[in-house]
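Novice: Mind looking over this structure? Questions follow.
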Amino acid sequence: MNRIYNFNAGPSALPLEVLKEIQDSFLNFNNSGMSIVEISHRSKEFESVINGTKEKVTKLFELGSDFEVLFVQGGASMQFAMLPMNLLKAGDSADYVNTGTWSTKAINEIKSQNRKFNVVASSEDSNFSYIPKNIKFSDNAKYVHITTNNTIKGTQWHSLPDTNNIPIVADMSSDIMSYPIDAKKFGLIYAGAQKNLGVPGVCLVIIRKDLLNSIGDDIPVMLNYKTYAQKNSMYNTPPCFSIYVMWLILKWIEEKGGLSAVYQENKQKAEVLYDFIDNSSIYTGTAEKDSRSFMNVTFLLKDKNLEEKFIQEATKNSIGGIKGHRSVGGFRASIYNSTDIEKVKYLVNFMDEFQKKVK
Ligand code: PMP
């Protein structure tokens, strides 16, 4: 079967090796005589998967013993609501930086809970085409919320803001495990799995233990991070398959040489594509250069009339998923960890051929 060059934003391409491993073990997981989707979440087999996944997250992110790793359903979107519920007590306030659609949604959730918050910076004035700099944070904020990579607008924080020791709470849904992090700066990290961590159905949450321990009991059980920590994320039936795929993906990252190796490749991939766009005559990037995402490359055709032809030709050439998000239009190539440099070069070659044809 011919697989296409898949640049979808999420759910997105998975490494072929991982898909094959899923296929191989799907009917008989770990010699249990059962599929991974048939085994009990209370079985030894699944226990080794969930614990193995936690260990791999801890090791790859060098979390030490200060953090708890949790698996929560409801996607990253549910985290927008869980964060203020868990991390703020009555009267507490949090700072938010607005860098696009997902940050805006996170802000709308805290607003709907009638809690105190400040939007301390926003790039809305320029259609979210950049990451704000020199931000002044509130002295009394309990946390600072940022979206490390803005999947729709194609911008990314390339260094963390100096928050004066206020813990950063980060939505890393679209760039998690694509570069090494300095865990000390974070109070909480969350990411829906369906981009760099596998398939939908699970949201990875990493929370600093001191923040976890200060959470009250006046929160519904399923919305309280403590429930997940106390029950090894198995208070109820967890999304076993999604966690299993995350485990395979993390193993694949380890085999590639870990996050430094993955980062080098991601940087190189993004440079190849951005360099081509910058030197072309018919394409133009939409994000400001110093804020460009290494994961989601957003661009436009200078002549809008060519858009349909571009998509048609791309499809003919087995390229999929490059239409921009429906809210912004244009184009977006999502080049997550599993998209190797050869696939990016294939896309560049196609874009170059298209340019020669229409010029
Ligand atoms: N945050 C970011 C940065 C995202 O890209 C997305 C989804 N594309 C979300 C949050 C929402 O994630 P979910 O669909 O898992 O709720």
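Novice: So the check is Cβ under 8 Å with 6+ separation or different chains; which pairs have a first residue in the stretch 34-51 that's farther than 10 Å from Y244 by Cα and a second one that's exposed (fewer than 12 other Cβ atoms within 10 Å of the Cβ)?
Specialist: The qualifying pairs are S35/L27; H41/T237.
Novice: Can you tell me which condition N140 does not meet? The list is (1) within 13 Å of the ligand (Cβ to nearest atom); (2) farther than 26 Å from K251 by Cβ, and all the others hold.
Specialist: Of everything listed in (1) within 13 Å of the ligand (Cβ to nearest atom); (2) farther than 26 Å from K251 by Cβ, N140 misses just condition (1).
Novice: Could you check the stretch 132-145 and list, in sequence order, the residues that are of a type in the set (V, I, T) and either open to solvent by 50 Å² or more (accessible area, probe 1.4 Å) or part of a strand (DSSP E or B) (or both)? Show your work before the answer.
Specialist: At the first step, the residues of the stretch 132-145 found to be of a type in the set (V, I, T) are 135, 144.
Scanning the stretch 132-145 gives a single hit, V144.
Novice: Within the stretch 281-310, track down each residue that is assigned to a helix (DSSP H, G or I) and over 21 Å from the mean Cα position of the chain (by Cα).
Specialist: K304, N305, L306, E307, E308, K309, F310
Novice: For the structure I just gave you, tell me whether G187 is more than 16 Å from the ligand (Cβ to nearest atom) and buried (at least 19 other Cβ atoms within 10 Å of the Cβ).
Specialist: On the way: more than 16 Å from the ligand (Cβ to nearest atom): yes; buried (at least 19 other Cβ atoms within 10 Å of the Cβ): yes.
Answer is yes for this residue.
Novice: Out of (1) within 18 Å of the chain's Cα centre (by Cα); (2) over 20 Å from V199 (Cβ atoms), what's the single condition that is false for F71?
Specialist: (2)
Novice: How many of the residues making up the stretch 62-114 are in a helix (DSSP H, G or I) and either in contact (Cβ under 8 Å) with a residue 40 or more places away in the chain or within 23 Å of M222 (Cα to Cα) (or both)?
Specialist: Total meeting the criteria: 24.
Novice: Follow-up. Sort out which residues of the stretch 311-359 are part of a helix (DSSP H, G or I) and either touching a Gly at 6+ places or on another chain (Cβ under 6 Å) or crowded, with 21+ Cβ neighbours inside 10 Å (or both), and write them in order of number.
Specialist: Those that are part of a helix (DSSP H, G or I) and either touching a Gly at 6+ places or on another chain (Cβ under 6 Å) or crowded, with 21+ Cβ neighbours inside 10 Å (or both): A314, V344, L347, M351.
Table: residues versus (1) open to solvent by 20 Å² or more (accessible area, probe 1.4 Å); (2) within 11 Å of the ligand (Cβ to nearest atom); (3) out of contact with any Asp or Glu (no Cβ under 8 Å at 6 or more places or on another chain).
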| site | (1), (2), (3) |
| --- | --- |
| K111 | yes, no, yes |
| S122 | yes, no, yes |
| Y130 | yes, no, no |
| N149 | no, yes, no |
| D171 | no, yes, yes |
| I176 | no, yes, yes |
| A193 | no, yes, yes |
| I207 | no, no, no |
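The values are calculated or read from the model by the stated rules, or taken from the named source; none is laboratory data. Just so we're clear, the structure is a prediction, and the values are computed from it rather than from any experiment. Virtual Cβ from ideal backbone geometry, glycine too; neighbours counted across all protein chains shown. Remember, those area values only see protein heavy atoms, side chains included, never the ligands or the DNA or RNA. Shrake-Rupley method; radii C 1.70, N 1.55, O 1.52, S 1.80 Å.
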